[in-house]
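Participant: Below are the structure tokens for one structure; questions will follow.
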Amino acid sequence: MKIANLKSLKDLNKKAILNLVRYQGPLSRAEIANITELSATTVSSVVREFIEEGVLEEIGEGVSRGGRKPVLLRFNPNSFWVIGVEIEGNFIAAALMNLDLAIVKKIKKNLPDSSEFGVIREVASLVKGLTRSSANEEVLGIGIAITGLVEEGVVKRSVNLGWKNVPLRDLLEREIPDIPIYVDNIGKVGVLGEKHAGNGLKKENFIYVRVGTGISANFIFGGQLYRGSKGYAGEFGHMTLEPEGPLCHCGNRGCLEALASGWAIAERMKKIALSDKKCKIWEIVENETAITAKTVEEAARAGDEAALQIYREAGYYLGVGIANLVHLYNPELIVVGGGVSRAEELLMKPLLESLQSRLLDELKDSVRVVPTILGDDENLIGAGALVVEKVLQ
């Protein structure tokens, strides 16, 4: 059984050495000392601890530059595990991952009871299922990705779940007392997933735009997650684009979320379909409650002009919003994720066209806008990245 010293990894020297080998290894002890400017004694002591824990491993000799050949060290991602949990309005999922955020086991199920007690019960059950073959000492932490506004482990508001001021972390710690638990907004864990395992790997300044039921934008500036004064930064979906536009859930009109989110796409199609019984969407669904952004995508791929136009307009408005982000922050990269991004070229083509038509000439070649490479697991990977960020960074 491993001694889980990494759970309380607070020594900055240890973190510096671990992350150096993780991202730049294999390295020798001498190279680590040279790069970090730590003494050889300090490096040797920390490396010895990490080898005993299995986090670093010796892999053989490197090239000699005079004298004995150095022993090379590399990071062992399978030394400990993290758990990521994704909580949406109608389902819950959890995954066991190594420290490189590679998923080794995943469970997903419907969420019939979305009350805080129903969710806590399901999370505890999923964690138990994932850790059945592992000792708790091998799990560094549990990351929770949840829709809504989160502050210090408290879900201040989640429209999808109907929650207000739920102390989720404290409630979960009563059920799972032996493993550290971290809770954050689903968009913020999304940007961490991109930072540690996606397009944002080794990028210092980038933005993750999540287009799902809602819309958010989250930021990595100088290699660090930007949260804002209370942790609520990123409510990009409530940027007003059409002051007299459709009513948003927040009570305002013309928010980006009311124009381009998965919810908005579905609502547009419902209005069109109810007035046109020849619309192709009726070949896909039996009633209006089954109309979602995904079924609208299916209709668009089947050639339905109304569905195609809905996606063109959603892409157009997203392009306008993202142009504002580029002009404000000048990022090197913007990653587009969330369920609606799975529509790929149906969304991305009009988005990029709209974006390019609005950018200053000097900025047109300064930013790449790409879909996430993490696919349907992006929120689970992001939740795992939340643990890695808290413990290792």
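Participant: Exactly one condition in (1) open to solvent by 10 Å² or more (accessible area, probe 1.4 Å); (2) in contact with a helix residue (DSSP H, G or I) (Cβ under 7 Å, 6 or more places away or on another chain); (3) farther than 21 Å from P371 by Cα is not met by E283; state its number.
Facilitator: (2)
Participant: Considering only residues that are farther than 18 Å from L380 by Cα and without any contact (Cβ under 8 Å) to a residue 12 or more places away in the chain, which ones fall in the range 165-205?
Facilitator: Result: N165, E173, R174, P177.
So that you can scan it fast, the table gives a plain yes or no per residue for (1) closer than 27 Å to G190 by Cβ; (2) of a type outside the set (D, E); (3) touching a residue at least 40 places away in the same chain (Cβ under 8 Å):
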position	(1), (2), (3)
L18	yes, yes, yes
S44	no, yes, no
I51	no, yes, no
V55	yes, yes, yes
L73	no, yes, yes
V82	yes, yes, yes
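Participant: Do we have any residue at all in the range 170-182 that's of a type in the set (K, R), assigned to a loop (DSSP other than H, G, I, E, B) and open to solvent by 60 Å² or more (accessible area, probe 1.4 Å)?
Facilitator: no
Participant: Quick test for you: out of S341, S366, pick the one residue that is of a type in the set (G, A, S) and surrounded by fewer than 20 Cβ atoms within 10 Å (Cβ to Cβ).
Facilitator: S366
Participant: Report, by residue number, each residue of the range 246-258 that is touching a Pro at 6+ places or on another chain (Cβ under 7 Å) and either crowded, with 16+ Cβ neighbours inside 10 Å or at pLDDT below 95 (or both).
Facilitator: Passing the criteria: G254, A258.
Participant: Just one of (1) surrounded by 16 or more Cβ atoms within 10 Å (Cβ to Cβ); (2) touching a strand residue (DSSP E or B) at 6+ places or on another chain (Cβ under 9 Å); (3) modelled with pLDDT of 95 or more trips up P167, so point out which.
Facilitator: Going through (1) surrounded by 16 or more Cβ atoms within 10 Å (Cβ to Cβ); (2) touching a strand residue (DSSP E or B) at 6+ places or on another chain (Cβ under 9 Å); (3) modelled with pLDDT of 95 or more one by one, P167 breaks only (1).
Participant: If you don't mind, there's one more thing I want to ask. Quick check on I17: is it more than 30 Å from D113 (Cβ to Cβ), modelled with pLDDT of 90 or more and surrounded by 17 or more Cβ atoms within 10 Å (Cβ to Cβ)?
Facilitator: Judged against the criteria, I17 is a match.
Participant: Related question: How about the range 285-366: which helices (runs of 4 or more DSSP H) wholly inside it have at least 1 residues that are among the β-branched types (V, I, T)?
Facilitator: So the answer is 293-301, 305-329.
Participant: Checking the structure you have, find out if any residue of the range 228-245 is assigned to a helix (DSSP H, G or I), open to solvent by less than 50 Å² (accessible area, probe 1.4 Å) and either hydroxyl-bearing (S, T, Y) or without any contact (Cβ under 8 Å) to a residue 60 or more places away in the chain (or both).
Facilitator: Yes, some residue in the range 228-245 is assigned to a helix (DSSP H, G or I), open to solvent by less than 50 Å² (accessible area, probe 1.4 Å) and either hydroxyl-bearing (S, T, Y) or without any contact (Cβ under 8 Å) to a residue 60 or more places away in the chain (or both).
Participant: Only residues that are of a type in the set (A, V, I, L, M) and either part of a loop (DSSP other than H, G, I, E, B) or open to solvent by 10 Å² or more (accessible area, probe 1.4 Å) (or both): list them for the range 72-86, please.
Facilitator: Hit for the range 72-86 is L72, nothing else.
Participant: Still on this structure, I have one more. Quick one: is Y208 touching a residue at least 60 places away in the same chain (Cβ under 8 Å), part of a strand (DSSP E or B) and buried (at least 24 other Cβ atoms within 10 Å of the Cβ)?
Facilitator: Against the criterion (touching a residue at least 60 places away in the same chain (Cβ under 8 Å), part of a strand (DSSP E or B) and buried (at least 24 other Cβ atoms within 10 Å of the Cβ)), Y208 qualifies.
The values are calculated or read from the model by the stated rules, or taken from the named source; none is laboratory data. Predicted, not measured: the structure shown is a model, and the values here were computed from it. Backbone-built Cβ (ideal geometry, glycine too); neighbour counts: all protein chains shown. Areas reflect the complete protein model, heavy atoms only, side chains present, ligands, DNA and RNA absent. Shrake-Rupley method; radii C 1.70, N 1.55, O 1.52, S 1.80 Å.
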